[in-house]
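The structure appears below as structure tokens.
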Protein chains: 2
Amino acid sequence: MRLGFDVGGTKTDAVVVAPGGEIVARIRRPTGWGPGVVVSTILDLVAELTDTVGIASSDVESIGIGMPGQVAPGSAVITHAVNLGVDELDLGAAIGAVLGVPVRAENDVKAAAVGAYALHGNDPGSAGTMAYLNLGTGIAAGFVKDGKLWRGARGTAGEVGHISVDPHGPLCKCGQHGCIEAFCGGGAIAERWGREALLPVLDMFDAADAGDSEALALRGGLAYGVASAIRVIILSGGVESVVLGGGVTALGDRMLSLVIDDLNASAAASPFMRSLQLAERVSLLPPGSPAAALGAALVGATTTEQEAVVHG
Amino acid sequence: MRLGFDVGGTKTDAVVVAPGGEIVARIRRPTGWGPGVVVSTILDLVAELTDTVGIASSDVESIGIGMPGQVAPGSAVITHAVNLGVDELDLGAAIGAVLGVPVRAENDVKAAAVGAYALHGNDPGSAGTMAYLNLGTGIAAGFVKDGKLWRGARGTAGEVGHISVDPHGPLCKCGQHGCIEAFCGGGAIAERWGREALLPVLDMFDAADAGDSEALALRGGLAYGVASAIRVIILSGGVESVVLGGGVTALGDRMLSLVIDDLNASAAASPFMRSLQLAERVSLLPPGSPAAALGAALVGATTTEQEAVVHG
């Protein structure tokens, strides 16, 4: 049995994966703040999960942990997980050594890409290459090529959030204008929308439905940003399909339909774009998908020399 | 001995490559118009090249032919080579069967990517992944990853010319606004510049140097388009370095320095972009580089089951 964790800014999703790749147990808990609480949350969940499936923690073959931060490939050290209050954390020492189980960490978007491919990579036409585009507070993508996680040089393949797609577009907090993330990142939209709301992007969508002109402009920009990311990912990244996930996708078809409209508009303008059939190559992860935790478990199952190979 | 041909719109570049990968003979000739003339040009050059190196044409191990058109991977049939007046041409039948030598065809930009990697892929830091960005009449890139040509799903990896990087930018002949090719394609610039000149892009650069405001705007757009292509290729394509080639690069440092300025401007604005050191990862193919013909020879040396593996 292998364990996988997706440690997010608000909740931690934990799964037990059987040798055949199927998820046999799953628990979700709120995530605390800071390295100590993050570690205790994971240790508590290991105990609960192993209890649920009736094995000792020493029987766990491997643990994979996805987090929003930077991870050197093959390591268990996470750095700059700012949303979790974690500057640097060696999960190999804090979890692996304590339990006597091998641990690997992975950037959460890359882990989700591995999991999304395992769950959806056999869909017709995926042809072994797929991108997972995470629409969260920030924007980033992970690539799976020939069934393996593909990091690219310096690990930056998929960092599409800071590609500018409009030199006169909104100022990004990175300092450039018109970044994809400035158009469609949940954080950027919340800041530009500026109204008090528990779910600012949902609030903005509701206001747009009611005809608010500022909301309509923001909503149009969101669709343009996501569609631009898809165009960049397919035309430069060369993947067959793009699966969307992350907090903003909770809007479901209300969001996706606008993105499809934008892709269809470029297809209507350009025979070349039409030939690519981009709108047909995009899908949403189902709500509550365990992709990120599953992907983390699959990453954990690999040795330091391998990239995650997906069971599919 | 293996032969490689880069059949361009104006000239054909032909090389003989020894088993160790070095070029032992090279001939350049004007290219004619239409399939018959294209075939006779290649056949004449085969005779001249084999004569030069003192072998019989039956001793040629393989022939690879790069052309500006579409080629199904592993085949010798080229389609839609509009600049050559070729709608469809089976080079296996027209050249291979006649000479009794195996022939493979390849899109010219993809062939140039293979050749550029063989010539420059061992430069420090290339880390096995490199893109060749062709700045010609149109704009397209070819990727080499882990030392092999990488086509991506549906062969469209590197088709960066029709990614829009400005929703209010110039109308592209593809029908969209603000395509990278509309900013920096030689054809698009010649059309928008509109003045009679043998070398319209050079004419525009000279006018910009003299302070012409229209030329300055076009020149700024060219730099923005090329820099945007580089950002897209590295951040989404995930390559370590980008080598520029094609007709527009005949302007050399006059062009490259403006592209570097644009990359440096985004680095100055954004710590994230600065961390990527993009300006240091870009270089020009030397003038008269045989990259495309060499790459065609390397493609020709592969079987239909393999992608070109570079000697490097």
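Miscellaneous remarks
- Taking GluC sites (Glu not before Pro) across segment A:158-245, the ones in a DSSP loop with at most 14 further Cβ atoms lying within 10 angstrom of their Cβ are A:Glu196.
- DSSP bridge pairs, segment B:123-284: antiparallel proportion in percent, nearest 5: 60
- Neighbours of B:Ala296, meaning other residues whose beta-carbon lies under 10 angstrom from its beta-carbon, give a summed charge of -1 when Lys and Arg score +1 and Asp and Glu score -1.
- Cut-off 12 Å between beta-carbons: net charge of the residues surrounding B:Leu49, Lys and Arg +1, Asp and Glu -1: -1
- For segment B:123-284: rounded, prolate or oblate by the Cα gyration tensor [a/c cutoff 1.5]: prolate
- Across A:Lys173/B:Lys110; A:Lys11/B:Lys145; B:Lys11/B:Lys110, pairs whose alpha-carbon gap is larger than 26 Å: A:Lys173/B:Lys110; A:Lys11/B:Lys145
- The protein assembly as shown: antiparallel DSSP beta bridges as a percent of all, rounded to 5: 65
- Using the Cβ-Cβ distance between A:Leu198 and A:Ile27 with R0 set to 25 Å, the FRET efficiency works out to roughly 0.50.
- Near A:Lys11, the amide H atoms lying under 5 Å from its own belong to A:Thr31; only residues 5 or more places off or on other chains count, and H is placed 1.01 Å from N.
- Within chain B: Cβ-based charge dipole about Cα centre, in debye rounded to nearest 20 (Lys, Arg +1; Asp, Glu -1): 420
- Cα-Cα separations in the protein assembly as shown greater than 33 Å, expressed as whole percent: 48
- Size of electric dipole in segment B:123-284: Cβ of Lys, Arg +1 and of Asp, Glu -1, about Cα centre, debye, nearest 20: 620
- Take each peptide in A:232-238, A:293-299, B:136-142, count the other Cβ atoms within 10 Å of every residue, and average; sorted highest first, the result is A:293-299, A:232-238, B:136-142.
- For segment B:1-149: rounded, prolate or oblate by the Cα gyration tensor [a/c cutoff 1.5]: oblate
- Sum of side-chain charges, A:Gly225 neighbourhood, beta-carbon under 10 Å (Lys, Arg +1; Asp, Glu -1): -3
- With its label point put 7 Å out from Cα toward Cβ, A:Gly220 sits 2.4 nm from the same residue's point in the other copies, in order from shortest.
- Over chain A: helical MRE at 222 nm, DSSP H runs n ≥ 4 each giving -39500 (n - 2.57), nearest 500: -11000 deg cm²/dmol
- For A:223-235, mean number of other protein chain Cβ atoms within 10 Å: 4
- Note, ³J(HN,Hα) from phi for segment B:74-88, Karplus 6.51, -1.76, 1.60, rounded to Hz, x at Gly and Pro: x, 9, 10, 9, 9, 10, 6, 8, 5, 5, 10, x, 10, 8, 8
- Listed by chain and number, the aspartates and glutamates whose alpha-carbon sits under 15 Å from that of A:Lys148, ignoring those within fewer than 8 places in the same chain, are A:Glu106, A:Glu240, A:Glu305, A:Glu307, B:Asp146.
- Theoretical FRET efficiency, 1/(1+(r/R0)^6), r = Cβ-Cβ of B:Asp51 and B:Asp87, R0 45 Å, to 0.05: 0.90
- Chain B residue nearest the rotation axis toward A, with distance: B:Ser236, 2 (Cβ to axis, whole Å).
- Averaged over B:165-174, number of beta-carbon atoms from partner chains that fall within 10 Å: 4
- Axial C-alpha extent at least 24 Å, average Kyte-Doolittle at least 0.0 - helices from chain A (DSSP): A:35-53, A:213-235
No value in this document is a laboratory result; all are computed from the given coordinates. Please read these numbers as outputs of a predicted model, since none were measured by experiment. Reconstructed Cβ throughout: ideal geometry from the backbone, glycine too, with neighbour counts over all protein chains shown.
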